[in-house]
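The values are calculated or read from the model by the stated rules, or taken from the named source; none is laboratory data. Being a predicted model, the structure only gives us computed values, none of them experimental. Note that each Cβ is placed from the backbone with ideal geometry, even for glycine, and that neighbours are counted across all protein chains shown.
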Amino acid sequence: MRSSGVKENEIMSEVPTLVAALSALIQPKDSPVALHEPEFMGQEWAYIKRCLDTGWVSASGEFVDRFEQDLATRCETTHALVTMNGTAALHAALVGFGIGGNDEVLVPSLTFVATANAVSYTHATLHFVDSDPNRLGICPDKLKEYLEQITEVVGSGKYGPTVRNKTTKRVIKAILVTHVFGHPVDMDKVLEIASQFGLIVIEDAAEGLGSLYRGRPLGSIGHAGILSFNGNKIITTGGGGAIVTNDDAFASQIRHLCTTAKRPHPWEYEHDMIGYNYRLPNINAALGCAQLERLDNFLDRKRQLSMQYKAALEKLTSLDFVEEPDDSLSNYWLNAIKFHRPLSGQERRKVLETLHHEGLLCRPVWSLMHRLPMYEHCPRMDMAICEDLVARIVNIPSSANLVAA
Ligand SMILES: *Cc1c(COP(=O)(O)O)cnc(C)c1O
């Protein structure tokens, strides 16, 4: 290791080289290059027109059914339910597993705020977990050691032993894992921990459609997974999300929950619990069907872009390009660079200012959840790794349309 004084200069003095390398690849000359943009080049117009022509624009219709079937096929699950956004999918999944105010849920601190918010909506206690330095998602080894220290077994349940947090006295019921930027978490280790501690595993695969962990599609590995089709995700429905699962009973439960808990009847309004109006409209599902037809094309071009970045950034000595784990095939939803040491707040501002000034609309990673005012009092483990990661990572433009179709 060189002294930090030398490195400091090295990072800041290499910024022009970084700008030149990125600019040569994605040419931000005419207009600024966004971080992630949607692309519509397929059947989007035809399918949406069919909704308008037939009057089927709302929460049921042929495209809703088809989008659900196509997603289940793509994710290799027996069920897919489409929702109005990914946050609603997360919330419905948590409620569907019976998670509520007396429970504790393990959540990564390095995630988009929706993951944490969805847990809050159930009134469960959030308990934050640190990251793996390379995969960016939660670190199963660190978590296992931590849980062995802070929990006690108080019974047994459907998913294994019932395990309580010795301090808060709450049952730790579930773990949410986010596949950050589409890079898979080490799910085999997560599943091991889940059976040791009796946890329900929900994958936040909002960014992970098309990624494979040891050959398995993200979302299909835990007890349930969620996807997002927001405008910045790998495919979009405008706004939208989905829950995928192989659990039949859970699938019918969430379908009921998301459809105002209305019992099927030709005319009566019978609702047997407090449900949600969370279904995705047909007009959005039409967009989804057209986008999903293009997913493999998006994945190919995004991979090409990532390989080009990797080659172009190899000569830089102050940072690394963030690569997929060896056991996985990532969708590279967002490309990222990782500086060799944490940047100070001032350095980070300077780097981002320079990139923006050159028309490269790069972004830092999210604020850590345990640093946000509404979550800073939640229980958490040591956060050294994610603290280090957020001070080192910058996301760089990643749209499929940066590579010719
Ligand atoms: C986008 C995203 C969500 C939320 O999805 P919306 O469709 O925007 O509600 C949740 N978690 C992660 C990690 C995301 O990136």
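Among the residues making up segment 284-318, those that are hydrophobic (A, V, I, L, M, F, W, C), more than 20 Å from the chain's Cα centre (by Cα) and surrounded by fewer than 21 Cβ atoms within 10 Å (Cβ to Cβ) are Met307, Ala311, Ala312, Leu313, Leu316.
All conditions in (1) part of a loop (DSSP other than H, G, I, E, B); (2) buried (at least 20 other Cβ atoms within 10 Å of the Cβ) hold for Tyr47, with the sole exception of (1). Summed over segment 58-75, residues that are outside any helix (DSSP H, G or I) and surrounded by 15 or more Cβ atoms within 10 Å (Cβ to Cβ) total 2.
Are any of the residues in segment 42-65 under 17 Å from the mean Cα position of the chain (by Cα), modelled with pLDDT of 95 or more and over 29 Å from Arg371 (Cα atoms)?
Filtering segment 42-65 down to residues under 17 Å from the mean Cα position of the chain (by Cα) leaves none.
Scanning segment 42-65 turns up no residue that is under 17 Å from the mean Cα position of the chain (by Cα), modelled with pLDDT of 95 or more and over 29 Å from Arg371 (Cα atoms).
Whether any residue in segment 86-107 is within 16 Å of the ligand (Cβ to nearest atom) and either assigned to a loop (DSSP other than H, G, I, E, B) or surrounded by fewer than 19 Cβ atoms within 10 Å (Cβ to Cβ) (or both) is what I want to check. Checked against the condition, which is being within 16 Å of the ligand (Cβ to nearest atom) and either assigned to a loop (DSSP other than H, G, I, E, B) or surrounded by fewer than 19 Cβ atoms within 10 Å (Cβ to Cβ) (or both), segment 86-107 yields no hits at all. Looking at this structure, is Gly96 closer than 20 Å to Cys258 by Cα and touching a residue at least 12 places away in the same chain (Cβ under 8 Å)? Yes.
Could you tell me how many of the residues in segment 317-351 are under 28 Å from Leu209 (Cα atoms) and not acidic (Asp, Glu)? Step through it out loud before you land on a result.
The initial filter retains those residues of segment 317-351 that are under 28 Å from Leu209 (Cα atoms), namely 319-339.
Then drop every residue that is not not acidic (Asp, Glu), which leaves 319, 321-322, 325, 328-339.
Of the residues in that region, 16 qualify.
When the residues of segment 197-217 are filtered to those that are more than 16 Å from the ligand (Cβ to nearest atom) and in a loop (DSSP other than H, G, I, E, B), the one that is surrounded by the most Cβ atoms within 10 Å (Cβ to Cβ) is Leu199. Pick from Ala72, Ala46, Ala116: which is small (Gly, Ala, Ser) and within 16 Å of the ligand (Cβ to nearest atom)? So the residue among Ala72, Ala46, Ala116 that is small (Gly, Ala, Ser) and within 16 Å of the ligand (Cβ to nearest atom) is Ala116.
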